[in-house]
Structures are given as structure tokens and as C-alpha cells.
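The values are calculated or read from the model by the stated rules, or taken from the named source; none is laboratory data. Since we're looking at a predicted model, the values are computed, not measured. For neighbour counting, all protein chains shown are included, and Cβ atoms are generated from backbone atoms with ideal geometry for every residue, glycine included. Heavy atoms of the whole protein, side chains included, go into the accessibility calculation; ligands, DNA and RNA do not. Shrake-Rupley method; radii C 1.70, N 1.55, O 1.52, S 1.80 Å.
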Amino acid sequence: MPGDMHIEYEISEPDFLDGQQLAIKHSNVMIVRCSRIGSWFTIAILYLLMYAAITKHNFVTLMGTVLLYVAIILMSVLNKNARKEYYKSCISLHGPFFVDIGEGGIEIKGPVISSTMQWSFFSKFFEDQKTFLIFHKGGLTYNSIPKRILSEAQVMELRATLERHLSPANSEIDGNI
């Protein structure tokens, strides 16, 4: 299936991590989305610590809150390190990718993949300033296209193609693009 748009790229570690962050933000799985609440969680913990100090709650309550806060921060750091290690060890993410996008769907060829998928195989897309994510039906897997390899005209063309074939109600553009 030759496409109207041809894209060649390699996924760098920052590309992979950017795609992961965008996917986490839009995940349907609650526990995955909760991993993003670090900043709000920090504010809540600080509030609880100040409240405990002002109301003179006992030391055990205060230390329990601090330990919970430290555990959440460690989980966040370990999660990011685990994603970096996954990128390094996953051979399917290293090497050139060739993507053809057309009216019939998307054809992807990579180090260990060669796949032609009709538009009906996809459910939605998301983009931010760095990445396009095209989600497969079911919402757990996606294809990532880093914007750094696209010209402004290609970004606009890809966005228009995705909007034409995937339901705008199920898609979202994040941030100022």
C-alpha cells in the first residue's frame, strides 16, 4: 500500500520517553494515569505535613506521611529508569523505521516489523509538541512518530490525515503546537 506521505526515522531514547509520557497521560488504565499525579500529590503531602505540624499530631503520623511521600518519589524515579532500560534492551525500537501513510491506512516497516494496517485498526491519536501517537483499537498499544523528523508542512499534513480518518472526539492535541 503505497502512501501519500512517506516518513523515515529512528526512535531515540528521548523520543521513546516523550511517547511514553504522552501515552501515560492518555491511558485508560487508572494506575498508569495515577503515576502522573506526582506534582499534585506533592502539594497534598506538603499540606498534610503542615497540618500535622500545626495541629501537633503525633510523630508516628508525621513520619508515616513522610515515608509515603518518599515511596511515591522513589516509584516515579524507578519507573523512569525502568523505561530507559526497556528502551535500551528492546531491539524492535532500534534501527530505521519506514512509514507510509495514505487513504488506505498505514504501512510500517522497521527492524523486526513489517505491517500494513487499515484505518479501521486504529482508534484515536494524540499529539503534543514532540510526538504523534496513533493508538490501535483497545487503546493499549500505539505507534509513535517523533515530530523532530517532520517539517512543519509534514506535521500539518499528518495531523490533517489523522483527523480525517480517526474520530476527532477520541483524539486530542496537547499544548501549544
message = Against the condition under 11 Å from the mean Cα position of the chain (by Cα) and closer than 14 Å to His165 by Cβ, how does Ile134 come out, does it pass?
response = yes
ask   = If you go through the stretch 129-148 one residue at a time, how many are in a strand (DSSP E or B) and open to solvent by 20 Å² or more (accessible area, probe 1.4 Å)?
value = 4
remark   = Taking the stretch 80-128 and the residues there that are touching a strand residue (DSSP E or B) at 6+ places or on another chain (Cβ under 7 Å) and of a type in the set (Lys, Arg), the one that is most open to solvent (accessible area, probe 1.4 Å) would be Lys109
request  = Take the residues in the stretch 153-177 that are at pLDDT below 90 and surrounded by 15 or more Cβ atoms within 10 Å (Cβ to Cβ), then tell me which one is farthest from Trp119 (Cα to Cα).
outcome  = Ile173
